[in-house]
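Notes follow the structure.
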Amino acid sequence: MQQLIYFLQKYKYFLYFLFLEIAAVALIINNHSFHKSKFINSANVISGDLLDRANNISQYLQLKTENDILLQENTILKNKLEQLYTAIDTSQLKTVIDSIQYKQKYQYISGKIIDNNYHTPYNFITINRGKNENVSHEMAVVNSKGIIGITENVSGNYARVQSILNKNSKINARLKNSRHFGTLEWNGENIHIVQLSDIPRQTVLTIGDTIITGGKSSIFPEGLPIGTVESIPEKISAINTIEIKLFNDMTNIGSVNIITNFHKTEINELNKQNE
């Protein structure tokens with residue numbers, strides 16, 4: 001308190017002068033519309049700029065939360081789209097068939113990659129979803145750009161995923177512009193390039209053709225993006241193999257969706273009967 005009194009006594013003339021200056025400026029602004037409007041405009045510009053900067057900083061700090069919300073919303077929309085698709089007569093897309101029993105085939109579960117290995121011939125990925133979120137063995141793992149892998153081992157809260165960059169990985173795939181399909185594999189060399197083998201000899205191939213999942217298994221839905229044709233062998237053989245450049249950069253992946261196929265058990269049991 002004594003220091004405050006000392007400060008006021010020491011600088012009383014300066015403070016008095018400052019008070020008079022402020023009062024004079026206030027009187028000028030209040031009594032002259034031109035000065036008043038200029039002051040208000042300047043104050044608005046300054047305050048607006050400060051608020052904008054503060055908002056940008058706040059948004060930057062909240063990016064993780066916003067990304068999580070967008071991921072959840074994206075998963076919800078995918079599930080609703082799947083539900084809508086099963087309730088629609090695909091021959092007349094605008095007509096909903098009320099008599100069709102509502103049966104959803106696929107469900108999407110959002111998750112995140114917490115460990116990603118891509119340096120060895122047999123790579124695996126760890127995601128933060130497990131049995132507690134209804135994730136089980138042999139479920140498709142994808143993101144917005146394409147396929148990532150298949151779940152292998154599952155615990156309560158986590159799952160180990162066999163990456164498409166694994167020499168044991170074999171996934172049914174086909175050309176988007178035809179029904180010719182083959183087996184998607186990886187030779188363990190280039191992390192951006194995989195191989196599509198067993199393509200029929202009569203298949204018409206063009207550099208840049210899109211490759212998608214073939215839908216011949218109970219794991220991946222048909223039509224998921226994979227990549228584009230990078231190169232074609234000069235001589236077409238009975239066992240045709242082409243190079244596919246992945247849409248995904250497998251060194252830079254984060255958020256994922258795990259896909260449940262509600263018909264998988266039924267399909268697998270039916271296939272066992274034919275063995």
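Sorting Glu234, Glu266 by the number of Cβ atoms found within 10 Å of their own Cβ, with the fewest placed first, yields Glu234, Glu266. The Rg/Rh ratio for region 107-275, using Cα coordinates for both the radius of gyration and the Kirkwood hydrodynamic radius, is 0.97.
Other residues whose C-beta falls under 14 angstrom from the C-beta of Met139 contribute a net charge of +2, scoring Lys and Arg +1 and Asp and Glu -1.
Taking the number of Cβ atoms within 10 Å of each Cβ as an exposure proxy, the fewest-first ranking of Leu18, Leu196 is Leu18, Leu196.
Each reported figure results from applying straightforward, stated rules to the coordinates on display, with no laboratory input. Note that this is a predicted model, so its numbers are computed, not measured. Using ideal geometry, Cβ is built from the backbone for each residue, glycine included, and neighbour counts are taken over all protein chains shown.
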